[in-house]
Amino acid sequence: MDRGYRVAVVGATGAVGTKMIEMLEKTTLPIKELILLASKRSAGKTCVFKGATLVIQELTTTSFIGVDLALFSAGGSISKQFAPEAVKSGAVVIDNTSYFRMDPNVPLVVPEVNAHALAKHQGIIANPNCSTIQMMVALEPIRQHAGLSRIIVSTYQAVSGAGAKAMAELTRESQAYLSGTPADQLAPEIMPAGGDKKHYPIAFNALPQIDVFAEDDYTYEEWKMINETKKIMEDSAIQVAATCVRIPVFSGHSESIYIETKQPAELTAVKEWIKAAPGAVLQDDPSQQIYPQALTSVGKTETFVGRIRKDLDVANGLHLWVVADNLLKGAAWNSIQIAESLHEQSLVRV
């Protein structure tokens, strides 16, 4: 394989990094060599990729010499330090953290929505928040045909969005509670936010806090959805509000979305728009109890849309239920799609 890209994955042993490697197995992107990078403590571990055993290397400032594409998913502080080094070495960076998302010089991309923004990249492209990504896939076909003036979203987010330790905490707490441990003795250490003052059980619970609280009593997760939506849709006037909730589900984010369109939109037309949209799958037949579910979204790259119905009081109001695998479409797969789009637009050197 003389032709192709040298691709690096930063954070190769993490929850999203391992999914990136899985998705690179399936991509149409021509890959000449895959380089796996992680912390010093993970260096030396191995990973099988397309039948070959690869040794994970320690991430350093010289790791990107000769690399064409660098996929980052190792935390904002790592991206802050090493993404510019990768760009200096000639690589194009696709960053899965929040560090660069609102930088006006960094495209924030969901390929089904705004792949055109890639043409303006200066070496770094940001992958949006997982909850934002699936909402954009579901709403973009409606926006294209009828416009959008308002979005109100409530999320029901899986613990895998907080990492492997959060998943382990859900398992431990569930087992303890079912074995008779009282809720006030479960001793949570991570949820709802590892860096916050108090922690609450996630097992058999719903926590209306993801990340820490910020301006106007919205959490950072909620502000991400608000600001990222405006940037991706290139519409600062659109009204967006979010309430983000963590629930005891391992994988698969669900969202209840209320929108107001600028133009009237008939339900049959809305369903056809979504059915025809790239990356979206319509699952909407209430008479047969067909609607998107978190459990059945796991392992799939599509965004599932259902429970589409008119608001009873607002003429142009619509309600939707949207589900996607947060580790795939919400993170790893969207990053790979960005890489594929860069290749299709000849925006990566070979």
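The values are calculated or read from the model by the stated rules, or taken from the named source; none is laboratory data. Remember, it's a predicted structure, so these values are computed and weren't measured experimentally. A quick note on method: Cβ atoms are made from the backbone with ideal geometry, for glycine too, and the neighbour counts reach across all protein chains shown. SASA here: full protein model, heavy atoms, side chains in, ligands and nucleic acids out. Shrake-Rupley method; radii C 1.70, N 1.55, O 1.52, S 1.80 Å.
What to note about this one:
- Hits in the stretch 285-310 - residues which are among the aliphatic types (A, V, I, L, M) and in a loop (DSSP other than H, G, I, E, B): Val298
- Remark: pairs (first residue in the stretch 327-344, open to solvent by 10 Å² or more (accessible area, probe 1.4 Å); second residue outside any helix (DSSP H, G or I) and of a type in the set (Phe, Trp, Tyr); Cβ separation under 9 Å; 6+ apart in sequence or on different chains) = His343/Tyr5.
- Restricting Ala242, Ala164 to residues that are aliphatic (A, V, I, L, M) and modelled with pLDDT under 95 narrows the list to Ala164.
- In the stretch 282-290, the count of residues that are hydrophobic (A, V, I, L, M, F, W, C), at pLDDT 95 or above and open to solvent by 30 Å² or more (accessible area, probe 1.4 Å) is one or more.
- Ile210 meets the stated requirement of being assigned to a loop (DSSP other than H, G, I, E, B) and surrounded by 20 or more Cβ atoms within 10 Å (Cβ to Cβ).
- Residue count for the stretch 1-27, restricted to those that are within 17 Å of Gln57 (Cβ to Cβ) and either in a helix (DSSP H, G or I) or free of Cβ contacts under 8 Å to residues at least 24 places away in the same chain (or both): 5.
- On the stretch given as the stretch 74-88, residues that are open to solvent by 40 Å² or more (accessible area, probe 1.4 Å) and either in a helix (DSSP H, G or I) or not hydrophobic (A, V, I, L, M, F, W, C) (or both) total 8.
- Condition check for Met225: open to solvent by less than 60 Å² (accessible area, probe 1.4 Å), of a type in the set (A, V, I, L, M) and assigned to a helix (DSSP H, G or I): yes
- Glu221 fulfils the conditions (1) at pLDDT below 95; (2) within 16 Å of the chain's Cα centre (by Cα) except for a single criterion, (1).
- Filter result (surrounded by 14 or more Cβ atoms within 10 Å (Cβ to Cβ) and out of contact with any Ser or Thr (no Cβ under 6 Å at 6 or more places or on another chain)) within the stretch 251-277: Ser254, Ile257, Tyr258, Ile259, Thr261, Ala265, Val270, Lys271, Glu272, Trp273, Ile274, Ala277
- The residues on offer are Lys45, Lys50, Lys19, and the sole one that is within 16 Å of Ile336 (Cβ to Cβ), assigned by the TED database to the domain that holds Ser89 and surrounded by fewer than 16 Cβ atoms within 10 Å (Cβ to Cβ) is Lys50.
- Any hit, the stretch 169-185, residues being under 21 Å from the mean Cα position of the chain (by Cα) and outside any loop (DSSP other than H, G, I, E, B): yes
- Among residues of the stretch 158-200, those that are of a type in the set (Asp, Glu), open to solvent by 30 Å² or more (accessible area, probe 1.4 Å) and more than 25 Å from Ala214 (Cα to Cα), counted: 1
- Looking only at the stretch 142-157, residues that are assigned to a strand (DSSP E or B) and either free of Cβ contacts under 8 Å to residues at least 40 places away in the same chain or crowded, with 19+ Cβ neighbours inside 10 Å (or both) come to 5 in all.
- Any hit, the stretch 317-326, residues being in contact with a strand residue (DSSP E or B) (Cβ under 9 Å, 6 or more places away or on another chain), without any contact (Cβ under 8 Å) to a residue 60 or more places away in the chain and either open to solvent by less than 20 Å² (accessible area, probe 1.4 Å) or over 16 Å from Ser254 (Cβ atoms) (or both): yes
- Taking every residue in the stretch 110-121 that is touching a residue at least 60 places away in the same chain (Cβ under 8 Å) and pairing it with any residue that is open to solvent by 20 Å² or more (accessible area, probe 1.4 Å), at least 6 positions away or on another chain, the pairs with Cβ-Cβ distances below 7 Å are Pro111/Gln337; Glu112/Pro278; Glu112/Gly279; Leu118/Gln345; Leu118/Leu347; Ala119/Gln345; Ala119/Leu347; His121/Leu347.
- Unique residue being under 18 Å from Val7 (Cβ atoms), in contact with a His (Cβ under 7 Å, 6 or more places away or on another chain) and open to solvent by less than 20 Å² (accessible area, probe 1.4 Å) when the list is Leu29, Leu71, Leu34, Leu24: Leu29
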